[in-house]
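Written below as structure tokens is the structure these notes are about.
The values are calculated or read from the model by the stated rules, or taken from the named source; none is laboratory data. Quick caveat: nothing in here was measured; it's all calculated off a predicted structure. Reconstructed Cβ throughout: ideal geometry from the backbone, glycine too, with neighbour counts over all protein chains shown.
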Amino acid sequence: MKVPHDKFKILLCVKKEFSDLVRRGLLHGADFHIQFTSSPRFLMSRAIFAEPQLVVIDASFEKTLLLDMLATFRLQFSKAAVYIVSSSADHRQAADAMSLGASGYFGLPGDTDRLREHVKMLFESWLAGHAQQRFLELQRKAYNFDQIIGASGALHHVLELAKRVIDNPRLTVLITGETGTGKELLARAIHYNGKNNTSPFMDIGCSALPENLLESELFGYEKGAFTDARERKVGLFELAQDGTIFLDEIGDISLVMQSKLLKVIESRTMRRLGGLKDIPVKARIIAATSGDLTARMKSGQFRKDLYHRLKIIPLEIPPLRDRREDIPALIDSFMQTFNPLYDKKICGIAPEALEILQAQNWDGNVRELKHTIERAVLLEEGEVLSSKDFGFLEPSDGTNDTDRRTADLKAHSTDDVFVLSIQLKAADLEDVQREFALKVLDRVGGNKSKAAYIMRISRPRLDRILKAERAA
């Protein structure tokens, strides 16, 4: 008989005349699978056939045999709980059983309710562990390297390099690539395919938080460290344990935070704000950026020593326009994702529609393509995506990002030059940034993506600058 692996398995080894009384102290239902034997000789074979979560053994068996069974189970099935049940409580026998590793001793019928409560707690613990295991299986499947779609040589090279760092959790990893290329997807693939995948994956968007809040999120703080610190807070470096901490848009953190992060990487220790004790950092550190760290380093905005510590294993994800051969496979994957979501049965894409998509520059990369296919699937009434489904796309001029920037510069006239007017005595870097951002945003008609592109910063970084302007 095949025993379902997702059942809570209980193995009874009690004498027949005692079995009904024992069963009253157990839980029953669809989540339970209970096997019974009245012979100690068959107990181990039953356990090997279907490893139990709980074993209940009758104390009335001969003492030597009882203790041998208990010792054998502790040795071969260490994860199983073993309860001893007796119709007449024997304190010496209970002490012997507990000394050999029994999880509990119950005298029935007096301890029936207590036995049921213990089984309930054991079941709930197993249920939580089973749910966690199921979650990890889903995560491993979702973030398997096979789920990163693409057969282009550029992408294949990055994935092969990423696989080589999986078994070295102390190595820092730097993932670079434009917005929407899948940097977080690659970071999660590294984590969930590693040996510490049962430990947490902690991610934080560095550009979304001001410096003081980012510091408290990463390092935590002690009670009384500052005015509002009413109790201790554990930071992400601690919460990650021996898992992974993912620092997205690392290029946007301040020089002060860069210095503190460098110390963590070099010493593998940290301190909470207001703390005096060094706390070991065991987590793998993966950083990512859509900006140009080399340029920021040369301009003094990013520390050289931190840059070189992060890029021990650099993984540069190519933009979608450099691997257009992957677009058909991505389209097919997205259609399979959105068909059930919107109750559609779209099975393909017309050649002229595919030609339109492959001709796009995809500044938003895979994320932009995904949203484009989602919109098309949602609106299409037939079974094939056609060119009319992509009429909202702007025609591409076929040039790459560098060519477009060069062309833009050549096309600029003196009308494209503007002057920043800053009060010298009250000037600071934030004033210059705000004024510059507002001027650029005004020139591009309020298009934040284009403004960020011209300023060579990430979109989240631009949002932070503008929010600081509004706060001022």
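Quick notes
- All positions within region 18-51 that are touching a helix residue (DSSP H, G or I) at 6+ places or on another chain (Cβ under 9 Å) and polar (S, T, N, Q): Gln35, Thr37, Ser38
- When residues of region 77-117 are limited to those that are touching a Ser or Thr at 6+ places or on another chain (Cβ under 8 Å) and under 14 Å from Leu27 (Cβ atoms), the one surrounded by the most Cβ atoms within 10 Å (Cβ to Cβ): Tyr83
- Single condition Arg24 does not satisfy, out of (1) within 19 Å of Gly101 (Cα to Cα); (2) surrounded by fewer than 19 Cβ atoms within 10 Å (Cβ to Cβ): (1)
- Conditions (1) part of a helix (DSSP H, G or I); (2) in contact (Cβ under 8 Å) with a residue 24 or more places away in the chain; (3) over 30 Å from His33 (Cβ atoms); number of the one not met by Glu160: (2)
- Residue check, Glu374 surrounded by fewer than 18 Cβ atoms within 10 Å (Cβ to Cβ) and within 28 Å of the chain's Cα centre (by Cα): yes
- Test result for Ile356, farther than 27 Å from His157 by Cα, part of a helix (DSSP H, G or I) and either outside the structural domain of Lys263 (by TED's automatic domain parsing) or under 28 Å from the mean Cα position of the chain (by Cα) (or both): yes
- Matching residues, region 163-192, being outside any loop (DSSP other than H, G, I, E, B) and touching an Asp or Glu at 6+ places or on another chain (Cβ under 6 Å): Thr176
- Taken over region 278-303, the criterion of being buried (at least 24 other Cβ atoms within 10 Å of the Cβ) and of a type in the set (A, V, I, L, M) is satisfied by Ala283, Ile285, Ile286, Ala287, Ala288.
- Subset of region 141-173 [of a type in the set (A, V, I, L, M), over 22 Å from Arg321 (Cα atoms) and touching a strand residue (DSSP E or B) at 6+ places or on another chain (Cβ under 6 Å)]: Val165, Leu171, Val173
- Region 4-18, residues that are loosely packed, with under 15 Cβ neighbours inside 10 Å and either in contact with a Lys or Arg (Cβ under 9 Å, 6 or more places away or on another chain) or free of Cβ contacts under 8 Å to residues at least 24 places away in the same chain (or both): His5, Asp6, Lys16, Glu17
- Residues located in region 207-233, provided they are in a helix (DSSP H, G or I), more than 17 Å from Val281 (Cβ to Cβ), in contact (Cβ under 8 Å) with a residue 24 or more places away in the chain and not charged (D, E, K, R): Ser207, Ala208
- Residue check for Gly382: under 24 Å from Thr179 (Cα atoms) and not charged (D, E, K, R): no
- Within region 92-113, the set of residues being touching a Phe, Trp or Tyr at 6+ places or on another chain (Cβ under 9 Å) and part of a helix (DSSP H, G or I) comprises Gln93, Ala94, Ala95, Ala97, Met98, Thr112.
- Looking only at region 216-232, and only at residues there that are loosely packed, with under 11 Cβ neighbours inside 10 Å and acidic (Asp, Glu), the one that is farthest from Arg271 (Cα to Cα): Asp228
- Extreme residue, nearest to the chain's Cα centre (by Cα), among residues of region 58-71 that are under 13 Å from Arg41 (Cβ atoms) and surrounded by 14 or more Cβ atoms within 10 Å (Cβ to Cβ): Met69
- Residues that are more than 24 Å from the chain's Cα centre (by Cα) and part of a helix (DSSP H, G or I), drawn from region 308-330: His308, Arg321, Asp322, Arg324, Glu325, Asp326, Ile327, Pro328, Ala329
- Hits in region 324-363 (condition: surrounded by fewer than 19 Cβ atoms within 10 Å (Cβ to Cβ), among the charged types (D, E, K, R) and over 17 Å from Ser387 (Cβ atoms)): Arg324, Glu325, Asp332, Asp343, Lys344, Lys345, Asp363
- Only one entry in Lys195, Lys183 is closer than 29 Å to Glu368 by Cα, out of contact with any helix residue (DSSP H, G or I) (no Cβ under 9 Å at 6 or more places or on another chain) and not assigned by TED's automatic domain parsing to the domain that holds Lys63, namely Lys183.
- Which listed residue is under 24 Å from the mean Cα position of the chain (by Cα) and more than 30 Å from Pro318 (Cβ to Cβ), from Asp228, Asp203, Asp242: Asp242
Okay, residues lined up against (1) closer than 21 Å to Leu186 by Cβ; (2) in a strand (DSSP E or B):
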site: Asp242; (1), (2): yes, no
site: Leu247; (1), (2): yes, yes
site: Ser259; (1), (2): no, no
site: Lys277; (1), (2): no, no
site: Lys282; (1), (2): no, no
site: Ile285; (1), (2): yes, yes
site: Ala295; (1), (2): no, no
